[in-house]
Structures are given as structure tokens and as C-alpha cells.
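Here is the structure we will look at.
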Amino acid sequence: MNSVLITGASSGFGEACARKFAAQGLRLVLCARRADRLSALADELSQITEVHSVILDVRDREAVFALPASLPAAFADVGILVNNAGLALGLGGADVASVDDWEAMVDTNIKGVMYLTQAMLPGMVARGGGHVVNIGSVAASWPYPGGNVYGGTKAFVQQFSRNLRADLLGKSIRVSNIEPGMCETEFSVVRFNGDEERAKQVYSGMQPLTGTDIAEIVYWVTALPPHINVNQLEVMPTAQAWGPFAVHRD
Ligand code: NDP
Ligand code: 8X3
């Protein structure tokens, strides 16, 4: 049985995906930086499936490329890669935002996805099948004030996903880009540098998506018959939509 490798498995979508795939009896490789979170989740899910956890910073190119060879034999054939690890930092305008934050988003959301994908693809190609599920965002297509580099990184994920489809045609490897809107995870706490009160306000008075909602979608695209490839799936809470164009008047 092939394994499912999930990055950013220590919270939010990644943790919810781990729970969903575990419930289906799939073998899991769970990756994140926070060892305590990861080992607690691995201990829990080990009761229902086989789990291997890896402390991994997706920005660490050497560590990512060393990962496939380091996996125990039972987990080595990664059939599904969920490129989920990612973050937004800050909501400042482009004239004042931190360039360090910008670089951290580029390194995680773009380079991390590049590294994991190329590290895992040769195995999938050799085995003649696989599925790469990337977690994009509505921010890839829809601009908003302060979304500057975060949205840019997710636009990369969108086009990278499409180009992967073009590269992998004929190799029986599927690529799906799931693009969620507002979802209450630790995302906003991270974006606002640990300010839980400010994060809570983002979702006040509306019903956001949950990590479980996204995990259901991720699992669903992978469970479809192998001749079906969901290229891109954008999903918002019913309580979220677009506004009119902003117009500045003197
Ligand atoms: P969380 O903050 O709850 O989870 C983010 C996960 O990414 C954590 O497990 C974190 O683990 C991991 N992570 C962050 N940086 C790194 C790194 N350098 N190396 C390895 N792991 C890392 O947020 P979400 O679950 O909401 O976010 C998951 C994905 O979904 C992200 O790509 C995000 O951009 C995207 N997204 C989120 C939306 C939302 O509204 N919540 C909407 C659309 C997209 P650790 O810190 O332990 O390393
Ligand atoms: C996360 C959703 O709208 O905060 O990607 O960018 S949003």
C-alpha cells in the first residue's frame, strides 16, 4: 500500500487531512517543524493506522531532498503528496510590509512546494502513478489589501499546479490545486504574530470553513476514479463573497 505524505501536519488542514486519511486506513508520513504536536498526533493516529513522523522544515532544501531515501521501507512509496505547509505573515501594505516576512512566505509557500514536489515525483513516475495535492488559496486569484506577497505565492501554486499537469501528462500522476477561502485554523494567529484576539476577530459573526471541511475535499479528490483529475477547486464559506471594486475619490 502506498503512503500519504502530508506537510504541515501539526495543525489546521494538515492535521485534519491526517485524521481523514488515517480513518480510511491509509499509511501516513506526517511532516512539520513542531515535534511535540507531531508526536502527539502520530501517537493518537497510530492506534488506527501506520504512521511515520518527520520533523521537517520545508524551506530546508537539503533535508527535503534527503527525505525519500530516509523513509522506512513501509512508507517509502509515497502515492499521495499533500503540499499543505504554508503561511501568511502580516497584512501590511507593500510599502511597509516586512521583507523578512515576504521572504519567509516565498521560501515556505513557493520553494517548499517546489522542493517537496520534485523530491517525490521521481518515485511516482517510476511506480507509474501518484497524486500531488497542493493547497492554494482564493488569494491566488482575488487580490485584497495586504495580500501582496501571500497572494503572489498562491498564484505561483496555481500556475505551478497547471504546469505540473502539462509535464506529467501520460504518466498517470494527478495534480489538484485546492483553493480555500476563510477557514479558522491557526492561520490568522500566525499571520498576526500570535495575537489571538485579532485572529478571532477575522471570523467573528460569520461561519468560516473548518480544517475538516478542507480535509473532506482533499480526500475526495484523491478517492475519485484514477481517470478523473480535479485540476483546481476553489471553496469559500457561504458567508464570504467578493466586494465591488474599490474606487478612491478625492
Ligand atoms: P495552520 O497555521 O493551522 O497550519 C500551517 C501548517 O504549516 C502547520 O502545521 C505548520 O507546522 C506548517 N508549516 C508552516 N511553515 C512550515 C515550514 N517552514 N516547514 C514545515 N511546516 C511548516 O494554517 P492552515 O492549516 O490554515 O494552513 C495550511 C495551508 O492552507 C497553508 O498553505 C495556507 O496558506 C493555506 N490556506 C489557509 C487558509 C485559511 O483561511 N486557513 C485559506 C487558504 C489557504 P509547524 O509550525 O509545526 O511547522
Ligand atoms: C487564506 C485565505 O483570504 O486570508 O489563504 O487569503 S485569505
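No value in this document is a laboratory result; all are computed from the given coordinates. This is a predicted model, so every value here is computed, not measured. Positions of Cβ are backbone-derived with ideal geometry, glycine not excepted, and every protein chain shown enters the neighbour counts.
Each DSSP beta bridge with both residues in the chain is either parallel or antiparallel, and the antiparallel ones are about 0%. With both labels modelled 7 Å from their Cα along Cα-to-Cβ, the ASN231 to ALA23 distance reads 3.1 nm. Pairs of alpha carbons in the chain separated by more than 24 Å make up 45% of all such pairs. For a paramagnetic label modelled at 7 Å from the Cα of ASP195 toward its Cβ, which residues of the stretch 83-111 fall within the zone defined by backbone nitrogen distances under 14 Å? 89-93, 97-98, by backbone N distance to the label point.
Taking the Cα centre of the chain as origin and charging only Cβ (+1 Lys, Arg; -1 Asp, Glu), how large is the dipole, in debye to the nearest 20?
740
Where the alpha-carbon atoms of the stretch 1-75 are placed on the principal axes, they occupy 32, 26, 17 Å, in descending order. Each peptide in 87-96, 12-21 gets a packing score, the mean of other Cβ atoms within 10 Å over its residues, and the list from highest to lowest is 12-21, 87-96.
Sorting 128-137, 240-249, 192-201 by average packing, meaning the other beta carbons within 10 Å per residue, from highest down gives 128-137, 192-201, 240-249. Using C-alpha pairs below 8 Å separated by at least 6 residues, the relative contact order for the stretch 3-235 is 21 percent.
Residue-wise HN-Hα couplings along the stretch 187-192, as the Karplus relation 6.51 cos²θ - 1.76 cosθ + 1.60 with θ = phi - 60° gives them from phi, are 3, 6, 4, 5, 4, 9 Hz; Gly and Pro carry x.
3J(HN,Hα) along the stretch 69-86, derived from phi through the Karplus expression 6.51 cos²θ - 1.76 cosθ + 1.60 where θ = phi - 60°, amounts to 6, 8, 6, x, 3, 5, 10, 5, 8, 7, x, 10, 10, 9, 7, 10, 3, x Hz, with x in place of Gly and Pro.
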